[in-house]
Amino acid sequence: MIVVKATARIKPEQRERAVAAALTMAEATEAEPGNISYTFSADLADPNVFHLFEEWEDEEALVAHFGLPHMAEFVTALGDVLDGAMPTTKYVVASHGPL
């Protein structure tokens, strides 16, 4: 399993556009083969910070995701709404289960 975590600071005046882009992206991505979950959330302390949590069955599914049209559209939207970098980390998980 692959887990991806990203954090994005959004320009306050672009928040509505960022929310719309995130919702569109999540809906399209959740329909992809190999996607387990794709969730955006707003930070409780700062509503202009979004967190993204993704789960993928394998590396191949994640790589395929990057080549899809909705990913290209999302990257274009990010260029307009981001306020700085979007640090992203990929985790390769050997096992998982309930805590």
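Here are the numbers:
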quantity: Count of residues meeting criterion [open to solvent by 50 Å² or more (accessible area, probe 1.4 Å), over 16 Å from Ala6 (Cα atoms) and touching a residue at least 12 places away in the same chain (Cβ under 8 Å)] in segment 28-45; calculated: 2
quantity: Residues of segment 63-72 satisfying the condition of being under 14 Å from the mean Cα position of the chain (by Cα) and surrounded by 14 or more Cβ atoms within 10 Å (Cβ to Cβ); calculated: His65, His70, Met71
quantity: Selection count, segment 4-27, where residues are open to solvent by 20 Å² or more (accessible area, probe 1.4 Å), in contact with an Asp or Glu (Cβ under 6 Å, 6 or more places away or on another chain) and part of a strand (DSSP E or B); calculated: 1
quantity: So Glu60, is it out of contact with any strand residue (DSSP E or B) (no Cβ under 8 Å at 6 or more places or on another chain), open to solvent by 70 Å² or more (accessible area, probe 1.4 Å) and outside any strand (DSSP E or B); calculated: yes
quantity: Hey, Asp80 over 13 Å from the mean Cα position of the chain (by Cα), of a type in the set (Asp, Glu) and modelled with pLDDT under 95 or not; calculated: yes
quantity: Qualifying residue in segment 67-89 (condition: in contact with a Pro (Cβ under 8 Å, 6 or more places away or on another chain) and more than 25 Å from Arg15 (Cβ to Cβ)); calculated: no
quantity: Checking Glu55 against (1) open to solvent by less than 30 Å² (accessible area, probe 1.4 Å); (2) within 18 Å of Val93 (Cβ to Cβ); (3) within 11 Å of the chain's Cα centre (by Cα), the condition it does not meet; calculated: (1)
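The values are calculated or read from the model by the stated rules, or taken from the named source; none is laboratory data. Remember, it's a predicted structure, so these values are computed and weren't measured experimentally. Every residue, glycine as well, gets a Cβ built from its backbone with ideal geometry; the counts of neighbours run over all protein chains shown. Ligands, DNA and RNA are stripped out before the accessible areas are found, and what is left, the full protein with its side chains, is counted by its heavy atoms. Shrake-Rupley method; radii C 1.70, N 1.55, O 1.52, S 1.80 Å.
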